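Here is the structure we will look at, set down as structure tokens.
The values are calculated or read from the model by the stated rules, or taken from the named source; none is laboratory data. Everything numeric in this text was worked out from a predicted model, so none of it was measured. Don't worry about glycine lacking a Cβ; one is built from the backbone with ideal geometry, like all the others, and counts go over all protein chains shown.
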Number of protein chains: 2
Amino acid sequence: MNLRRIAELAGTSHTTVSRALNNSPLVARETRERIVRIAEELGYQINAGARGLSTGVRMTVGLLYSYHPGRQIASFYTAQLMHLMGARLAARGFDMMIEAFDPGLDDLTSVVRMIRQKKADGLLVIGYDISEKLATAITSVTNKCVFVNPAYSPWIHRYPAILIDHRWGGKLAADAFRKRGRRRCAAVAEDDPQFAERVSGFAEEFERDSPEYCGTASQLVLRDGTYETAYALAESRLAELASYDGIFVASDVSAIGVMNALLDNGIPVPDQVGIIGYDDVEWIHYTRPPLTTVHQPKAEVAEAAAAEIVERVFEERTESSTHFYKPELVWRGSV
Amino acid sequence: MNLRRIAELAGTSHTTVSRALNNSPLVARETRERIVRIAEELGYQINAGARGLSTGVRMTVGLLYSYHPGRQIASFYTAQLMHLMGARLAARGFDMMIEAFDPGLDDLTSVVRMIRQKKADGLLVIGYDISEKLATAITSVTNKCVFVNPAYSPWIHRYPAILIDHRWGGKLAADAFRKRGRRRCAAVAEDDPQFAERVSGFAEEFERDSPEYCGTASQLVLRDGTYETAYALAESRLAELASYDGIFVASDVSAIGVMNALLDNGIPVPDQVGIIGYDDVEWIHYTRPPLTTVHQPKAEVAEAAAAEIVERVFEERTESSTHFYKPELVWRGSV
DNA sequence: CTGAAAGCGCTTACAG
DNA sequence: CTGAAAGCGCTTACAG
């Protein structure tokens, strides 16, 4: 089924059918109605590939998510973001093509493949571990690209990006401990710019009223973001951790690792040590105690990313622009 | 950049360039090498839309996942499956376009949109809540469609499908309780064919050795699969649940709901009541006690689905075929 | 082994 | 308001 066939059935040219189906004003109302009715009866929809070849826009964006081989999926947070972005793009008539990429890889050609093959009009790149090298490589191929949740860094302002104000998130955690009267606190995080922001926001806010902030001892740096690593670190530093009033752990999964290590070794949470996580993944309130954590505004991020990439696809803007969103604290039972 | 431009640079016709880049044997080795080098230098890749228009295959499959409005995402299990399927499709040179759909919706036209617009060559449909009506509607539009993890039902054999042997999964749970000497057991599940299989497999295996299987009292039917519903049901039937040796809950999220309700009300798990879940979602071992559960073979399902849809896209087969995969029990600490 | 030509299914400037 | 024609960037049967 194609325009030509519909045209035969409607007794017009395929040119007119094209116009009618695209709501061009250059078609008599009666003609349009007849054509639309026939198309509907046949379940006909315009061939997107042919149209894209002609117009240059394919109404498709590529969603690249950073993925570390060996993990099951980047994270549940990423999965939720994907779902929300898909919905916001669909609302704008765009389809979303997803693909994982390894941010540590040297060969960056696969990352821009969708653009080169003209399968996607633009790219949404999710991941806090985007390097400047990768950002440069992508944007040298296309300026229709938006980075979502990259780590904060001086160079990020040169690229269109949607970021979360993690420094603010860290402050919220410090403020929460203070409100609960927890004065001897420490932070646990991966050694990564994204987490550095969270921790320095936490430390800064904490030190304002000069309570005993114990800082981030070198031993409290996580090698990676897995549950197992956090659990092992906490078990190996049990005495030290048990001596704090509160521990801020810069991601939920790591926070659960720390909390379980304490609980499994008889250190009561929150009675002896309070814990605050970061992310607010969906299942986090299933733990006992349920985790108090910093919520990332996923819905806002998804909407902003979709709006931004669609604007760029239609070339309404090309200059870089950085959007910041503020996280919120969710009180539960771990502090 | 296009074939014509490469042809100019290489001093050949675009026909030859097309052949060279597609590894046609109808090109002299020397000519091919020259063309390939030029293309690589320019980062040129064949325009997938134009090629698809010509060949009829777009090297893209649509992934439709059932989604109930109001939830954040269908499930983490679905998210993991998506990731794995994307990888298995990529290995075959296919891209994956994802879209959520509401399985309760009457208007089914949006479900086949990707096919009608020729954006996708085939469809992978994930969801246990696919109705016969929906299956019929989709397959009347395209036979290049594979249902992944649909509920078991008599009519499902008429369609290509990848299913998990949930009856077997239920048996595994019963066997596990028996091994632990738990004799008074019950099952909790949603009222849905998918879960009915799990529960009847459980009951059948349990009754073989005639221990005291307490069945699924009408009170133990869940209205939906959320944590909250399971928690509320368990709290309202606390005395009854506390009287069992073991409770099989037919999904992990619901199992955590039941387990937390018991724990929060002072009923020790696993000491007094053992609990076995179903799914083995990634975060399930973070709970205390970690949940013993039935693992669904995600990797195998993803590979089978990818293989099956790709075969169908290339029309190597069109008849329906049902694949079954067996789940496995994962011992942890809840029984 | 190579190339000119037709065709895939659209859109749109141009002429009427 | 309508249509014939050219063009988007490929593939492939046909002729050499």
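Read through the list (1) out of contact with any helix residue (DSSP H, G or I) (no Cβ under 7 Å at 6 or more places or on another chain); (2) part of a loop (DSSP other than H, G, I, E, B); (3) of a type outside the set (Ser, Thr, Tyr), then give the number of the only condition that residue B:269 fails.
(1)
Among the numbered criteria (1) part of a loop (DSSP other than H, G, I, E, B); (2) more than 16 Å from DNA strand C (Cβ to nearest atom); (3) free of Cβ contacts under 8 Å to residues at least 60 places away in the same chain, which single criterion is violated by residue B:79?
Only one criterion is unmet by residue B:79, namely (1).
Identify, by number, the condition in (1) out of contact with any Gly (no Cβ under 8 Å at 6 or more places or on another chain); (2) more than 27 Å from residue A:254 (Cβ to Cβ); (3) buried (at least 21 other Cβ atoms within 10 Å of the Cβ) that residue B:311 doesn't meet.
The number of the failed condition is (3).
What strands (runs of 3 or more DSSP E) completely inside region B:288-335 contain at least 2 residues that are of a type in the set (A, V, I, L, M)?
In region B:288-335, B:328-330 are the strands (runs of 3 or more DSSP E) which contain 2 or more residues that are of a type in the set (A, V, I, L, M).
In contact with an Asp or Glu (Cβ under 9 Å, 6 or more places away or on another chain) and outside any helix (DSSP H, G or I): which single residue out of A:167, A:183 fits that description?
Of A:167, A:183, the one residue that is in contact with an Asp or Glu (Cβ under 9 Å, 6 or more places away or on another chain) and outside any helix (DSSP H, G or I) is A:183.
Anything in region A:222-248 that is of a type in the set (D, E, K, R) and more than 28 Å from residue A:128 (Cα to Cα)? List them, or say none.
Answer for region A:222-248, where residues must be of a type in the set (D, E, K, R) and more than 28 Å from residue A:128 (Cα to Cα): A:240, A:245.
Looking only at region B:249-279, count every residue that is more than 11 Å from every other protein chain (Cβ to nearest Cβ) and acidic (Asp, Glu) and tell me the total.
Within region B:249-279, residues that are more than 11 Å from every other protein chain (Cβ to nearest Cβ) and acidic (Asp, Glu) number 2.
On the given criteria, is residue A:61 more than 8 Å from chain B (Cβ to nearest Cβ), away from DNA strand C (no atom under 16 Å from the Cβ), touching an Asp or Glu at 6+ places or on another chain (Cβ under 7 Å) and within 18 Å of residue A:308 (Cβ to Cβ)?
When the stated conditions are applied, residue A:61 passes them.
Has region A:140-149 got at least one residue that is within 14 Å of the chain's Cα centre (by Cα), more than 7 Å from chain B (Cβ to nearest Cβ), away from DNA strand C (no atom under 16 Å from the Cβ) and surrounded by fewer than 21 Cβ atoms within 10 Å (Cβ to Cβ)?
There is no residue in region A:140-149 that is within 14 Å of the chain's Cα centre (by Cα), more than 7 Å from chain B (Cβ to nearest Cβ), away from DNA strand C (no atom under 16 Å from the Cβ) and surrounded by fewer than 21 Cβ atoms within 10 Å (Cβ to Cβ).
Take the residues of region B:56-66 that are away from DNA strand D (no atom under 11 Å from the Cβ) and not aliphatic (A, V, I, L, M): which is nearest to residue B:134 (Cα to Cα)?
Applying the filter and picking the extreme gives B:66.
Output the number of the condition that residue A:80 fails; it satisfies all remaining conditions of (1) within 25 Å of residue B:41 (Cβ to Cβ); (2) within 10 Å of chain B (Cβ to nearest Cβ).
(1)
Based on what the data block shows, is residue B:67 at the interface with another protein chain (Cβ under 9 Å from one of its Cβ atoms), touching a strand residue (DSSP E or B) at 6+ places or on another chain (Cβ under 9 Å), at negative phi and not aliphatic (A, V, I, L, M)?
yes
If the Cβ limit is 9 Å and pairs must be 6+ apart or interchain, which residue in region B:6-20 that is within 14 Å of another protein chain (Cβ to nearest Cβ) pairs with which residue that is among the polar types (S, T, N, Q) and more than 7 Å from DNA strand D (Cβ to nearest atom)?
Pairs found: B:6/B:12.
Can residue A:53 be described as at pLDDT 95 or above, away from DNA strand D (no atom under 16 Å from the Cβ) and touching a Leu at 6+ places or on another chain (Cβ under 7 Å)?
Here the answer is no, as residue A:53 does not meet what is asked.
Could you run through region B:213-265 and say how many residues are assigned to a loop (DSSP other than H, G, I, E, B) and at pLDDT 95 or above?
Summing the residues that are assigned to a loop (DSSP other than H, G, I, E, B) and at pLDDT 95 or above in region B:213-265 gives 1.
Using the structure shown, decide if residue B:306 is under 30 Å from residue B:63 (Cα atoms) and at pLDDT below 95.
no
Out of B:41, B:8, B:30, I need the residue that is within 13 Å of DNA strand D (Cβ to nearest atom), among the acidic types (Asp, Glu) and over 30 Å from residue B:280 (Cα atoms). Which one?
Matching residue, one of B:41, B:8, B:30: B:8.
Does residue A:129 count as over 17 Å from the mean Cα position of the chain (by Cα), more than 16 Å from DNA strand D (Cβ to nearest atom) and of a type in the set (D, E, K, R)?
no
Among the numbered criteria (1) modelled with pLDDT of 90 or more; (2) within 20 Å of residue A:108 (Cα to Cα); (3) within 18 Å of the chain's Cα centre (by Cα), which single criterion is violated by residue A:165?
Of everything listed in (1) modelled with pLDDT of 90 or more; (2) within 20 Å of residue A:108 (Cα to Cα); (3) within 18 Å of the chain's Cα centre (by Cα), residue A:165 misses just condition (2).
Looking only at region B:97-111, filter to residues that are facing another protein chain (nearest Cβ under 10 Å) and within 20 Å of the chain's Cα centre (by Cα); which one of those is surrounded by the most Cβ atoms within 10 Å (Cβ to Cβ)?
By that ranking, first place goes to B:97.
Please indicate, with yes or no, whether at least one residue in region B:46-54 is within 14 Å of chain A (Cβ to nearest Cβ) and away from DNA strand C (no atom under 12 Å from the Cβ).
yes
Would you tally the residues in region B:186-212 being at pLDDT 80 or above, under 30 Å from residue A:284 (Cβ atoms) and surrounded by 14 or more Cβ atoms within 10 Å (Cβ to Cβ)?
Qualifying residue count, region B:186-212: 9.
Scan (1) touching a strand residue (DSSP E or B) at 6+ places or on another chain (Cβ under 8 Å); (2) of a type in the set (A, V, I, L, M); (3) within 30 Å of residue A:62 (Cβ to Cβ); (4) within 13 Å of chain B (Cβ to nearest Cβ) for the single condition residue A:301 breaks and write down its number.
Every listed condition holds for residue A:301 apart from (4).
Check residue A:181 against each of (1) more than 17 Å from the chain's Cα centre (by Cα); (2) closer than 27 Å to residue A:321 by Cβ and name the one condition it does not meet.
Only one criterion in (1) more than 17 Å from the chain's Cα centre (by Cα); (2) closer than 27 Å to residue A:321 by Cβ is unmet by residue A:181, namely (2).
Could you tell me whether any residue of region B:100-117 is within 12 Å of DNA strand C (Cβ to nearest atom), without any contact (Cβ under 8 Å) to a residue 60 or more places away in the chain and in the same structural domain as residue B:315 (by TED's automatic domain parsing)?
Checking region B:100-117: at least one residue is within 12 Å of DNA strand C (Cβ to nearest atom), without any contact (Cβ under 8 Å) to a residue 60 or more places away in the chain and in the same structural domain as residue B:315 (by TED's automatic domain parsing).
Within region A:112-126, how many residues turn out to be within 14 Å of chain B (Cβ to nearest Cβ) and either modelled with pLDDT under 90 or outside any loop (DSSP other than H, G, I, E, B) (or both)?
8
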